[in-house]
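The values are calculated or read from the model by the stated rules, or taken from the named source; none is laboratory data. Since the model is a prediction, treat every value here as computed from it, not as a measurement. With ideal geometry, Cβ positions are generated from the backbone for all residues, glycine too; neighbour counts draw on all protein chains shown. Calculation scope for accessible area: heavy atoms of the full protein, side chains included, ligands and nucleic acids excluded. Shrake-Rupley method; radii C 1.70, N 1.55, O 1.52, S 1.80 Å.
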Amino acid sequence: MLERSYRDLIPRRGAGALGRWTGAKVLRELREIRVDFARLSDELSNITKFFGDWHLARIYQTVAGRFHLSDWYKSIDEKLKTLDDLYQLLQSNRNNRWMLVLEVTIVLLFIADVLIILRQGHM
C-alpha cells in the first residue's frame, strides 16, 4: 500500500508548472486505509470484552502470546502513524498549491486593475 502511495506521488511528465497531480484521489484512498487500520486495531484491542470469565480470558492471553498480538498492535500503530504523516504531507502540499494559485490570481488582478487605471488616465 505504501509503495503505491509513494508511486502516486511522483509527478507526471509534461504536467506543466503546477503539475497534474491527482492528489484528491490519493488523499481519499489514504483516508480509507487509515480508517480500515484504525478499525482493525480497535477490533483487536476490544476482543477481550467478549471473554467474560476468567478461564476464557486465560485462553485469550495464551493465544495472544502465541500469535504475538502485541506485535500486531505495534505494527498497526506504526503503519497508522506512517499513513497519517503521509496524509499530512499530501494535505500540506495540496494547500500550498492552492495558496500559490490564489497569490498568482491576486497579483494578476492587481496588475489588471493598474492597467485599467492607467488606460483611463491617458484617455
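Given R₀ = 25 Å, FRET efficiency for TRP72-VAL35 by Cβ-Cβ distance, to 0.05?
0.90
Pop out the carbon and sulfur fraction of the accessible area of region 79-123 as a percent, whole number, probe 1.4 Å.
68
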